[in-house]
1. Out of the helices (runs of 4 or more DSSP H) lying entirely within region 39-107, which hold 2 or more residues that are open to solvent by less than 40 Å² (accessible area, probe 1.4 Å) and over 20 Å from residue 140 (Cα atoms)?
Amino acid sequence: IDMEITITKTMIKKAFYSDKVDGHVLKAFGNIEKKLKKGSNARKRTLAVEEYLRLIEQSPEHLKPMVTLAYNTGMRPGEMRTLKWSYIDHQNAFIRLPKEVTKEGKDKSIPINHHVQGVLDSLRPGPRLVEPDHHEFVFSYHGNPVKNPGGFKKSFKTACKNAGIPGGRKVKNGLTMYDFRRTVKTNMV
């Protein structure tokens, strides 16, 4: 947010000095900056390999696949909740998310490594007749898709607690599912 405001403010300043907009437009950015603390939305939490292994060990069976997928792909929690079997490109080893389910509003291709492939293989439904209440979602709990944004938050916090990892956004150095994204990026670097 801070970076986007800075970039937009620079554009507006250039427009102001080129007489394209008046000073009232520029004044709005000064008011916004006063209300925001620099870096207040920045989180720096990453998950160490040892923590990940403890978390997997302490996670209930329904949560382990999501934790594994998050650690290996960096997918957002909402992307994992909306993940459907039709998004899985087994032939080319990619998860292909359509723009309707991504935050950026753009199609996204995520490579599948052997850990993710193992999770998908373990969750893949076997051949059966199509049932009227069957759904296409990869992740479910008691046969129902996990649609609620907080659908696995309680299980995750409990698994963190049992693994000796601070859990939650309001806890100092607490781990959230979103922190897996930073962990993946850090591991890639």
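1. Here the list reads 49-58.
Residue-by-condition table, conditions (1) at pLDDT below 90; (2) open to solvent by less than 90 Å² (accessible area, probe 1.4 Å); (3) in contact with a Pro (Cβ under 9 Å, 6 or more places away or on another chain):
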position	(1), (2), (3)
130	yes, no, no
134	yes, yes, yes
138	no, yes, yes
145	yes, yes, no
152	yes, yes, yes
157	no, no, no
164	no, yes, no
178	yes, yes, yes
181	no, yes, no
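The values are calculated or read from the model by the stated rules, or taken from the named source; none is laboratory data. The shown structure was predicted, so the numbers you read here are calculated from the model rather than taken from an experiment. Cβ: placed from backbone, ideal geometry, glycine included. Neighbour counts: every protein chain shown. In case anyone asks, the SASA skips ligands and DNA or RNA and just uses the protein heavy atoms, side chains included. Shrake-Rupley method; radii C 1.70, N 1.55, O 1.52, S 1.80 Å.
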